[in-house]
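What follows is a set of notes on a single structure, which appears directly below.
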Amino acid sequence: AGAQVPSAPPVVAKRIFVTSTMTSGGNLGGLATADAHCGDLATAAGLPGTFKAWLSDGTTSVAQRFTHHAGPYYRVHEGAVIVVAVDWADLTNGLDPYAIGNDEHGQPAGALIWTGTLITGAAAANHCRGWTSNSTADVGMRGNSSASFYDWTAYGDGVCDGVEMT
């Protein structure tokens, strides 16, 4: 993990990025809207494939929503491609020493991100009411995209009126 590859990753690889846009609170419009936003940003950046937001809600977890890919997960970084995890098990074991940290353009995007997801891909208890709330009365699990190990997805809860990324 962490090795630089001079060209684009193979088609069988998965790319990971933090969106370049910020949200005003936890109202992301639900999972389907967040997925569409993620896919739109990837398309606009010229990234091939299908993309989903790394979000869980009270009904569906990332572990249920995502393919458990047997190959590598990459992030684009300053013109190179960096292996973040060798497979799904590696991505969700909490031992990854490399942060996801970059947006769909390969630019640093160190910020707190809404996830609602524990390191295993299971849903966290808090998810801004299914990603439909900007209320100070609700909380959602956040990750830290510039952190490594389990903190990239399960850094701690934040009040749903906070500005975060997905």
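The values are calculated or read from the model by the stated rules, or taken from the named source; none is laboratory data. Given the structure is predicted, the values throughout are model-derived calculations rather than measurements. Virtual Cβ from ideal backbone geometry, glycine too; neighbours counted across all protein chains shown. With ligands, DNA and RNA removed, areas are computed over all heavy atoms of the protein, side chains included. Shrake-Rupley method; radii C 1.70, N 1.55, O 1.52, S 1.80 Å.
Assorted remarks:
- Of all residues in segment 81-95, those being closer than 14 Å to F17 by Cα and not in a helix (DSSP H, G or I) number 5.
- Scanning segment 131-148 for residues that are under 11 Å from the mean Cα position of the chain (by Cα) and open to solvent by less than 10 Å² (accessible area, probe 1.4 Å) yields G143, S145.
- Scanning segment 39-47 turns up no residue that is in contact with a helix residue (DSSP H, G or I) (Cβ under 7 Å, 6 or more places away or on another chain) and of a type outside the set (D, E, K, R).
- Test result for A53, within 21 Å of D157 (Cα to Cα), assigned to a helix (DSSP H, G or I), modelled with pLDDT of 90 or more and open to solvent by less than 50 Å² (accessible area, probe 1.4 Å): no
- Selection count, segment 78-95, where residues are without any contact (Cβ under 8 Å) to a residue 40 or more places away in the chain, surrounded by fewer than 22 Cβ atoms within 10 Å (Cβ to Cβ) and not charged (D, E, K, R): 4
- V163 meets all of the listed conditions (1) among the β-branched types (V, I, T); (2) open to solvent by less than 10 Å² (accessible area, probe 1.4 Å); (3) at pLDDT below 90 but one, namely (2).
- Flag for D151 being surrounded by fewer than 20 Cβ atoms within 10 Å (Cβ to Cβ) and part of a strand (DSSP E or B): no
- Qualifying residue in segment 20-28 (condition: in a strand (DSSP E or B) and of a type in the set (A, V, I, L, M)): yes
- Residue pairs whose Cβ atoms lie under 6 Å apart, separated by 6 or more positions or on different chains, with the first residue in segment 14-29 and at positive phi and the second part of a loop (DSSP other than H, G, I, E, B), are G25/N134; G25/C160; G25/D161.
- Residue in segment 111-130 that is touching a Cys at 6+ places or on another chain (Cβ under 8 Å), under 19 Å from G30 (Cβ atoms) and open to solvent by 30 Å² or more (accessible area, probe 1.4 Å) present: yes
- Pairs, first at positive phi in segment 53-71, second open to solvent by less than 40 Å² (accessible area, probe 1.4 Å) and in a loop (DSSP other than H, G, I, E, B), C-beta under 8 Å, six or more apart: none
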